[in-house]
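Here the structure comes first, spelled out in structure tokens, and everything after it is commentary.
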Amino acid sequence: MKFYWIKTHFLIKKIFSGFVWDFPTTEKKVYLTFDDGPTPEVTEWTLDQLKQFDAKATFFCIGENIQKHPEIFQKLVQEGHSIGNHTFNHLNGWKTSTENYIENFKQCEAEILKQFSILHLKSKLFRPPYGKIKFGQSKIAKGMGYKIIMWDVLSADFDTTVSPEKCLQNVIKNAKSGSVIIFHDSLKASKNLEHALPKTLAFLKENGYKCEAI
Ligand SMILES: [Zn+2]
């Protein structure tokens, strides 16, 4: 049994206050995020859903996938979404030396910069795969001008033992103003995503929430 928090515990946010967990606000807006793409079909389907609800989001892309699917990656920015670095090979920071981790992180940055001048990007965003990063690694990334974006609400769409409906409930029961919500535009998560995303977008709209890019 895997363990994770659906709603990030306030003590975790407090202890790791150098990371962004949410954007406290009284305005009704949330930040949808999608990790692990670009993935053919899944990412394009996600973009269509977002467009239908006039929602903007943030995509944390794996460098290797950007290299394979640059045209989908370009589309993310063209459609007004934000993009962020998610390392080149989806490395687990806790299991990787800082030197190798930063090298892989820079490799992803280089892939992003092949597609876009940094001037086209609103800000430099990084999400460590699995949310696992060593202090020294995060210090270097921050020193390079990156904001480290974690999350407040986990859909658990990546977990194939979680039902699509549970995945939806994880989001709509826990989202509040300023929440950063995490989904995955990956093949593994697609079954849960296909159910949960349209219903999440409809729920947010009915309840007056706007979806913004970070
Ligand atoms: Zn990931």
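Each reported figure results from applying straightforward, stated rules to the coordinates on display, with no laboratory input. The structure displayed is predicted, hence computed values, not measured ones. Cβ atoms come from the backbone with ideal geometry, glycine included; neighbour counts cover every protein chain shown.
Some observations on this one:
- Convex hull volume per residue in cubic angstrom - Cα atoms of the chain: 115 Å³
- Magnitude of the charge dipole for the chain, about its Cα centre and with charges confined to Cβ atoms of Lys, Arg (+1) and Asp, Glu (-1), is about 820 debye.
- GNM flexibility winner over the chain from T58, T43, T96 (Cα, springs under 10 Å): T96
- For the chain, built as a Gaussian network whose Cα springs stay under 10 Å, the top-fluctuating residue of P128, P70, P38: P70
- Counted by Cβ distance under 11 Å from P40, the other residues give a net charge of -3, where Lys and Arg count +1 and Asp and Glu count -1.
- As computed over segment 1-59, the Cα convex hull volume per residue (Å³): 139 Å³
- Gaussian network model of the chain, Cα within-10 Å springs - most flexible of I102, I62, I12: I12
- The distance from the alpha carbon centre of segment 78-105 to that of segment 157-194 is 22 Å, rounded to a whole number.
- Stokes-Einstein translational diffusion, segment 56-101 - Kirkwood Rh over all Cα pairs, 0.890 mPa s, 25 °C, in µm²/s: 212 µm²/s
- Rounded to two decimals, the Cα-based Rg/Rh of segment 112-208, with Kirkwood Rh, is 1.04.
- Cβ-Cβ FRET estimate between N92 and K114, R0 fixed at 25 Å, reported to 0.05: 0.50
- Each stretch of four or more DSSP H residues adds -39500 (n - 2.57); spread over every residue of the chain, this sum gives -12500 deg cm²/dmol at 222 nm.
- Label point of E71 set 7 angstrom out along Cα-Cβ; within segment 25-55, amide nitrogens under 16 Å from it belong to 38-45.
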